[in-house]
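Shown next, in structure tokens, is the structure this report addresses.
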Protein chains: 2
Amino acid sequence: MLTIAVDAMGGDNAPECVVEGTVETLRESGNRLEVLLIGQEDKVRPLLDQHDTSSLNLRFMHAPEVVTMTDIPAIAVKTKQNSSLVRGLTLCREKKADGFVSAGNTGALMAASLFVLGRIPGVLRPTIYAYFPRLGPGLTNIVDVGANVDCKPENLVQFAEMLTIYQRDAAGMDKPVTGLLNIGEEENKGPEYLKQTFNLLKEADRKNRINFIGNIEGNDILLSKASIIVCDGLVGNTLLKFGESIPKFLGSIFKPSIEKLVKSGQLDPKSAEITAQTFKAMFQPFDVEQFGGVPFLGVDGISIVGHGRSSKTAIMNMIFMAEHMIEKKVNQHIAEALA
Amino acid sequence: MLTIAVDAMGGDNAPECVVEGTVETLRESGNRLEVLLIGQEDKVRPLLDQHDTSSLNLRFMHAPEVVTMTDIPAIAVKTKQNSSLVRGLTLCREKKADGFVSAGNTGALMAASLFVLGRIPGVLRPTIYAYFPRLGPGLTNIVDVGANVDCKPENLVQFAEMLTIYQRDAAGMDKPVTGLLNIGEEENKGPEYLKQTFNLLKEADRKNRINFIGNIEGNDILLSKASIIVCDGLVGNTLLKFGESIPKFLGSIFKPSIEKLVKSGQLDPKSAEITAQTFKAMFQPFDVEQFGGVPFLGVDGISIVGHGRSSKTAIMNMIFMAEHMIEKKVNQHIAEALA
């Protein structure tokens, strides 16, 4: 039976949501896996006691320290060895757990994963991707979104290769398609490192390691042209944060306009309510919750990073994601491909 | 009297919109400037003949060739010397015109401006900025948005300095504020070239050449934190194109939802119509028309670039922008600052 270690203290809604998500995961999965919940006993125990966990494969482990969202990653990893975050990853390294899940400080989780688990042999730099909205079926992932800056062409190509394996094996996609985010569609466009990356991606395509459709531009991101969009972490991180800020920005224009229409009698309150719901629903493709989290691809172990705002459903999805990655041998396939 | 050369053939709506915008400009300005309209005689003359231009300071000049939107910039500049685009800029160099305005092929206009007009002494690389939406008063410009990739720290600092001068002198802003687009707020964040840029921007701030507020992130762009956001052209271009694709993307989710509500009787047609108008109005801050175009900052002359979709109002705004830049001596001030 697989054992997934879960950071009870990670995320804005921790430990409440993490405890609830864990309990639901075990119930929903018919106890097919074991969860090792790690956190501060005085905070987590009372929450666990609210549930009947006697029949569940649920163990608790005390960790006195907590890595906070404002901790500086490199320092936290060194000074908070007794945190749930570092302990969970250490258990993975010692093979006492098969994977680790946390909605805590992303930077700290990446730093600790790299430090504790190390890289899969052949991997130059592990990477983090993110989900982007798209119309219709399939999914769009942008890689990298902040784990790596100053990326070299060979880094970007590995990101595409690793994510191709993940999408094919773990996400069950027939044919993941890679596009290179650039300033124009033509082959000779953009900065030098992207011209070189273009050539390396073409070579990887010829070797059937990826399916490369060439350069794509910013206005192609939402158009479902590629399931994997490759870029430097500065570009991906900026796009991700910009995209996440849009619903609130537009809401702050739309909502007062609707309220004004109601006040002036041009729109009845019931229609306004329906309109507001439709407006909110429009941003569902922007909702990260449905995906839960993302794996830190390329580290020698299973380390799943969740959004700080993760709900219990997100926690559940992250635990299943860890299970799935292990069962589908994603890391083994990455090691074979990049050896 | 100032003479502004206008590319009659530039833009998706040319020459119709350009002719109309030109005529309106002269009428609205009380003939305080002269416009030299350049384009293919058989296309432009019939349109001019629809107006009574006898009292206007409007001259027409025939140019047999046209640079199209799909022309490759570097090639177009060399092979289409008799195009309205190259001729207009050449007139500026020969001091037969004081500025040039075009809504045509942006890449070609940049290449031709650089080739024909050259750089202001001291300017390492001319640059193009773009307007981004913001709440409340003021404006947000991102620089560079595609004229320059592989930017060096000293390029990025000059972009901030040039745009500070433009915003202060031509846009009449009291205190333009510069932010550096990066992966995190802390000083030591991001790629190497941005760490160096950070230090150079701080130095420029100490010398009162700019007002630097430090690093800002993707989610800060819409928050009116800075009037000048500095980044490499790859990042700015990607953000610009991504942002421009959002209204259509969201509309393709929102509109069918509203139509469905009308069909099912949950929303009456009149409320749906009002809602649709409110939705459309929400994107007004994304509307480039109101600004018209942007100057190619750093070239030794006045070269205003408009969006391909420029309306007659946009053309008018671009002509006034050229006039304003000349009157406010923006290029002279850039030359003095960067000498």
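Here is a yes/no grid of residues against (1) surrounded by fewer than 20 Cβ atoms within 10 Å (Cβ to Cβ); (2) within 29 Å of A:A322 (Cβ to Cβ):
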{"residue": "A:P191", "(1), (2)": "yes, no"}
{"residue": "A:K195", "(1), (2)": "yes, no"}
{"residue": "A:E203", "(1), (2)": "yes, no"}
{"residue": "A:K207", "(1), (2)": "yes, no"}
{"residue": "A:N219", "(1), (2)": "yes, no"}
{"residue": "A:L240", "(1), (2)": "no, yes"}
{"residue": "A:K255", "(1), (2)": "yes, no"}
{"residue": "A:K263", "(1), (2)": "yes, no"}
{"residue": "A:F279", "(1), (2)": "no, no"}
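Note on the stretch B:199-227: among residues that are among the small types (G, A, S) and more than 10 Å from chain A (Cβ to nearest Cβ), the one that is nearest to B:L338 (Cα to Cα) is B:A204.
When B:S252, B:S245 are checked against the criterion of being within 9 Å of another protein chain (Cβ to nearest Cβ), closer than 30 Å to B:I213 by Cα and among the small types (G, A, S), a single residue qualifies: B:S245. Check the stretch A:7-26 and report whether any residue there is without any contact (Cβ under 8 Å) to a residue 12 or more places away in the chain, in a loop (DSSP other than H, G, I, E, B) and not charged (D, E, K, R). Checked against the condition, which is being without any contact (Cβ under 8 Å) to a residue 12 or more places away in the chain, in a loop (DSSP other than H, G, I, E, B) and not charged (D, E, K, R), the stretch A:7-26 yields no hits at all.
For the stretch B:160-198, the set of residues classified as free of Cβ contacts under 8 Å to residues at least 24 places away in the same chain, away from chain A (no Cβ under 14 Å) and on the phi < 0 side of the Ramachandran plot consists of B:R168, B:D174, listed by residue number. Within the stretch B:229-238, one or more residues are modelled with pLDDT of 95 or more and among the polar types (S, T, N, Q).
Total residues in the stretch A:147-159 satisfying the condition of being in contact (Cβ under 8 Å) with a residue 40 or more places away in the chain and within 14 Å of chain B (Cβ to nearest Cβ): the figure is 8.
When A:A111 is tested against (1) part of a loop (DSSP other than H, G, I, E, B); (2) without any contact (Cβ under 8 Å) to a residue 60 or more places away in the chain; (3) not assigned by TED's automatic domain parsing to the domain that holds A:F212, just one condition goes unmet, and that condition is (1).
Results for (1) surrounded by fewer than 24 Cβ atoms within 10 Å (Cβ to Cβ); (2) at pLDDT 95 or above; (3) outside the structural domain of A:G179 (by TED's automatic domain parsing); (4) on the phi < 0 side of the Ramachandran plot, shown as yes or no for each residue.
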{"residue": "A:L58", "(1), (2), (3), (4)": "yes, yes, yes, yes"}
{"residue": "A:E65", "(1), (2), (3), (4)": "yes, yes, yes, yes"}
{"residue": "A:V77", "(1), (2), (3), (4)": "no, no, yes, yes"}
{"residue": "A:N105", "(1), (2), (3), (4)": "no, no, yes, yes"}
{"residue": "A:I120", "(1), (2), (3), (4)": "yes, yes, yes, yes"}
{"residue": "A:E154", "(1), (2), (3), (4)": "yes, yes, no, yes"}
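Being surrounded by fewer than 18 Cβ atoms within 10 Å (Cβ to Cβ) and not assigned by TED's automatic domain parsing to the domain that holds B:S29 is a property that B:K328 lacks.
From the list A:A147, A:A160, the lone residue that is under 17 Å from the mean Cα position of the chain (by Cα) and either polar (S, T, N, Q) or assigned to a loop (DSSP other than H, G, I, E, B) (or both) is A:A147.
Here B:M69 passes the criteria (1) part of a loop (DSSP other than H, G, I, E, B); (2) within 21 Å of B:H324 (Cβ to Cβ) except the one numbered (2). Quick one: how many residues across the stretch B:199-216 are touching a residue at least 40 places away in the same chain (Cβ under 8 Å) and closer than 17 Å to A:I246 by Cβ? The total comes to 0.
When you check A:E273 against the structure, is it away from chain B (no Cβ under 14 Å), without any contact (Cβ under 8 Å) to a residue 12 or more places away in the chain and more than 20 Å from the chain's Cα centre (by Cα), yes or no? Let's see the steps before the verdict.
Values: away from chain B (no Cβ under 14 Å): no; without any contact (Cβ under 8 Å) to a residue 12 or more places away in the chain: yes; more than 20 Å from the chain's Cα centre (by Cα): yes.
When the stated conditions are applied, A:E273 does not pass them.
Only one entry in A:V235, A:V299, A:V230 is crowded, with 20+ Cβ neighbours inside 10 Å, touching a strand residue (DSSP E or B) at 6+ places or on another chain (Cβ under 7 Å) and away from chain B (no Cβ under 14 Å), namely A:V299.
Scanning the stretch B:291-318 for residues that are over 12 Å from the mean Cα position of the chain (by Cα) and within 21 Å of B:M1 (Cβ to Cβ) yields a total of 3.
The helices (runs of 4 or more DSSP H) found entirely in the stretch A:230-339 that carry 1 or more residues being touching a Cys at 6+ places or on another chain (Cβ under 8 Å) are A:233-263, A:312-327. Residue check: is A:N219 touching an Asp or Glu at 6+ places or on another chain (Cβ under 9 Å) and in contact (Cβ under 8 Å) with a residue 12 or more places away in the chain? When the stated conditions are applied, A:N219 does not pass them.
The values are calculated or read from the model by the stated rules, or taken from the named source; none is laboratory data. Values in this document were obtained by computation on a predicted structure and should not be read as measured data. Neighbour counts run over all protein chains shown; Cβ positions are idealised from the backbone, glycine included.
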